[in-house]
Amino acid sequence: MNSLRNKRRLIILILVWVLSILFIPAIIPMDFPIIKVFGFYIHSDYLVHVFLFFILIVTLLLAGIGVHSFGVFILIILAAILAEVWQLVIPHRTYNIWDLIANVGGVILGYLVAYLRLMFAKKTLLTDKKVKRHKP
């Protein structure tokens, strides 16, 4: 029962997220400047793409939805691809492979943080168990 509810929440959150990413740029034209980061000039919208998909993973974690299954990973990668392919039909927007790479990079960064969080939680749990066993 709880698993089915989590799957529904996952799908709803991803749909709301993707629809927001798809339609907000269509309604509000945005222009991002080129900025210098660590000596390299990049389009700042690439950072926005990374951030948006990173935040998606964090949001799913905070919502209590496990992002550790391969199926969820594939679903989110497909959402990242869809968000970029949609640019082909939005007026005044263009498809850009670097945007797609930034989307996937945000997903991977989010998964890395999720993995590190899981490892830290396991280490803390093991440490707490050792401390409890050694108390007199």
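Read the figures in this text as sums done on the coordinates, not as results from a lab. Note that the structure is a prediction, hence the values are computed from the model and not measured. As a convention, Cβ positions derive from the backbone with ideal geometry for all residues, glycine included, and neighbour counts pool all protein chains shown.
Full extension of the chain between Asp31 and Phe70 yields a length gain of 10.6 nm, computed as 0.36 nm times the residue separation minus the alpha carbon distance. Take the Cα of Ala63, step 7 Å toward its Cβ, do the same at Ile97, and the gap between the two points is 3.2 nm. Taking packing as the residue-averaged number of other Cβ atoms within 10 angstrom, the listed peptides 7-19, 93-105, 31-43 run from highest to lowest as 93-105, 7-19, 31-43. If the segment from Ser44 to Lys122 were pulled out straight at 0.36 nm per residue, it would be longer than the present Cα-Cα gap by 24.5 nm. Determine the sum of side-chain charges near Arg93: Lys and Arg each +1, Asp and Glu each -1, restricted to other residues whose C-beta is under 15 angstrom from that of Arg93. Residues close to Arg93 contribute a combined charge of -4.
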